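Participant: Below are the structure tokens for one structure; questions will follow.
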Amino acid sequence: NAFALPDGHLIIYTGLILNSGNQEELAGVICHEIAHIQLNHVMKKLVKEIGLSVLISISTGGTGAEVTKQAAKTLSSSAFDRSLEKDADLNAIDYLVNAKVNPKPFADFLYKLSYDENEGIPNLTWLETHPDSKERAKYILENSEGRLSDFKPLVSNQDWEKLKDLLKKN
């Protein structure tokens with residue numbers, strides 16, 4: 001997939017490009033990650049995680065089991081993470097609309113992901129850092145409604161397919 005790192009770095013795996021049905025789906029994911037960078041979410045998350053580790057260390061006298069530490073970290077950070085994810089999604093809509101890119105394919109991509117998530121596994125949304133993909137797609141569509149309608153393709157479909165073919169060869 002893709003993820004943001006400190007100092008404005010963005011990592012995009014070729015698998016994301018190859019699994020994107022069109023350039024607008026990819027643009028939505030990239031805008032989501034850019035929003036994390038622009039909103040300083042990476043540093044907020046880093047500070048929060050470091051702070052939690054220090055608090056656990058102090059409260060357990062520095063001898064707390066690693067499993068307990070990781071469980072507490074996961075449980076306490078999930079809601080915070082989901083809030084940042086929704087914030088990044090909503091900002092991604094703004095970026096897409098301002099660039100005259102239709103945000104609907106971004107929502108469609110999330111709907112596709114929702115069919116692959118937790119296949120045969122009980123829904124453990126409360127443990128996940130990202131909101132449910134179906135829920136995300138829904139609020140992306142709701143927040144896109146009535147916005148700009150004269151969308152333009154980023155690249156031609158022919159160039160998009162050439163890029164994907166090139167990536168498949170490498």
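Participant: Of everything in segment 157-166, what is open to solvent by less than 80 Å² (accessible area, probe 1.4 Å) and over 25 Å from SER114 (Cα atoms)? Give them in sequence order.
Facilitator: Within segment 157-166, ASP159, LEU163, ASP165 qualify.
Participant: I'd like the residue in segment 101-127 that is farther than 15 Å from GLY28 by Cβ and touching a Ser or Thr at 6+ places or on another chain (Cβ under 8 Å) and, out of all such residues, is modelled with the highest pLDDT.
Facilitator: GLU117
Participant: Right, here's the next one. Restricting segment 7-47 to residues that are polar (S, T, N, Q) and at pLDDT 90 or above, which is most open to solvent (accessible area, probe 1.4 Å)?
Facilitator: Among those residues, the one meeting the criterion is GLN38.
Participant: Any idea which residue in segment 128-156 is least open to solvent (accessible area, probe 1.4 Å), counting only those that are in contact with a Ser or Thr (Cβ under 6 Å, 6 or more places away or on another chain) and either assigned to a helix (DSSP H, G or I) or modelled with pLDDT of 90 or more (or both)?
Facilitator: Ranking the qualifying residues of segment 128-156, first place goes to SER133.
The values are calculated or read from the model by the stated rules, or taken from the named source; none is laboratory data. In this text the structure is predicted, and so the values were computed from the model without any measurement. Here the Cβ is made from the backbone with ideal geometry for all residues, glycine too, and neighbour counts use every protein chain on show. Areas reflect the complete protein model, heavy atoms only, side chains present, ligands, DNA and RNA absent. Shrake-Rupley method; radii C 1.70, N 1.55, O 1.52, S 1.80 Å.
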